[in-house]
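I have placed the structure first, in the form of structure tokens, so that the comments after it can refer back to it.
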Amino acid sequence: MKLATLKDGRDGKLVVVSKDVTRYSSADHIAPTLQAALDNWEFCAPALEALYTDVEHQAVPCERFHEHDAHSPLPRAYQWADGSAYINHVELVRKARGAEVPESFYSDPLMYQGGSDAFLPPRDPIPLGDVAWGCDMEGEIAVVTDDVPMGVSAADALGHIKLIMLVNDVSLRGLIPGELAKGFGFFQSKPPSAFTPVAVTPDELGDAWKDGLVHLPLKVDYNGEPFGRAQAGEDATFNLAELVAHAAKTRPLCAGTIIGSGTVSNKDADGTPGRPVKDGGRGYSCIAEIRMIETINDGKPTTAFMKPGDTVRIEMCDAAGHSIFGAIEQEVVQA
């Protein structure tokens, strides 16, 4: 099934959305918000599934679903933690900072705890205080869990993944080196993220959901041009269930926890970092990667980070070309 949250107060209003992401029906008689549904998922999920069937059959009153009216599925969450499934991205970005990749990164994923109290709606602008901060998009997959016990195995963690969505994990690259040098991790360099208008249950993806990964290309357009077409099911050192298990190693995760994949990133067929879409490659899900490749090839980067007026669109389509989650579509504006 497909769920969304319409803008309505701080935590929004839960609705069930049709498969083609064009219609919705209110779910407030089942749960007023998505967090409330996740808190009681065992009871709410069957009722929401039944409503989804009715929406598909147009057996209940429906209204037109406008993605501009949607907030992120969870406008705020008890926890948002972002991992590092795609080590190719980590390798490139760390090289850009002159840092080596420790061997442990290939067996023990990176993860940081991000700000979860003020997510951006998927069509709202990205406020930027200073161009010198180096604003970058990061296209990722994210999962939402129910209650996850401490010490869960990766195999069992897979069953705790209840919803899947996409995320633009905005990064301020110019602030990252100084923050990490303090030894305490990200804070100011990670402003609010935005998630797709719609979150879907794993079964909605059919065969594309396999081994804890989404086996479809992630479409990232930058200023109206194709920028990234990375295959989310390839080149992943860790799957999403492994990231959930990593997050729960020493603590339980409460219902509504969001875990991100990290920037989706592919190597080229010959093992090199990858080529731009315009050159026949799969491109990049963030600007930092192409800047690193430009540095390798030309001695310095030429692609600038985002500035006011720049736009990014992040979307994923099924094999027939239909949008699965709706689209994140944002413009950078001066804060």
Fill in the blank from the handout: Screening P217, P252, P192 for residues that are open to solvent by 10 Å² or more (accessible area, probe 1.4 Å) and more than 25 Å from C135 (Cβ to Cβ) leaves only P252
Fill in the blank from the handout: By residue number, the members of segment 121-170 that are under 24 Å from Q188 (Cα atoms) and part of a loop (DSSP other than H, G, I, E, B) are P121, P122, R123, D124, P125, G129, D130, G134, M137, E138, D169, V170
Exercise for the section: Have a look at G212, G206, G262, G228 and point out the one that is at positive phi and touching a Phe, Trp or Tyr at 6+ places or on another chain (Cβ under 6 Å). Expected result: G262
Exercise for the section: Please specify each residue of segment 1-43 satisfying the condition of being over 24 Å from the mean Cα position of the chain (by Cα) and assigned to a helix (DSSP H, G or I). Expected result: E42, F43
Handout entry: Evaluation of Q330 against (1) within 17 Å of V200 (Cβ to Cβ); (2) touching a residue at least 24 places away in the same chain (Cβ under 8 Å) (one fails), failing number
Key = (1)
Practice task
Please give the number of the condition K219 fails out of (1) out of contact with any Ser or Thr (no Cβ under 7 Å at 6 or more places or on another chain); (2) at pLDDT 95 or above; (3) part of a loop (DSSP other than H, G, I, E, B).
Solution key: (3)
Exercise for the section: Go through segment 52-66 and count every residue that is in contact (Cβ under 8 Å) with a residue 40 or more places away in the chain and surrounded by fewer than 20 Cβ atoms within 10 Å (Cβ to Cβ). Expected result: 3
Problem - Of all residues in segment 222-242 being in a helix (DSSP H, G or I) and of a type in the set (A, V, I, L, M), the one that is surrounded by the most Cβ atoms within 10 Å (Cβ to Cβ) - result: L240
Exercise for the section: Select from segment 154-170 the residues that are over 13 Å from the mean Cα position of the chain (by Cα) and either crowded, with 16+ Cβ neighbours inside 10 Å or modelled with pLDDT under 95 (or both) and list them in ascending order. Expected result: A154, A157, L158, H160, I161, K162
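The values are calculated or read from the model by the stated rules, or taken from the named source; none is laboratory data. Note that the structure is a prediction, hence the values are computed from the model and not measured. So basically every Cβ, Gly included, is an ideal-geometry build from the backbone, and we count neighbours across all protein chains shown. Please note that ligands, DNA and RNA were not included when accessible areas were found on the heavy atoms of the full protein model with its side chains. Shrake-Rupley method; radii C 1.70, N 1.55, O 1.52, S 1.80 Å.
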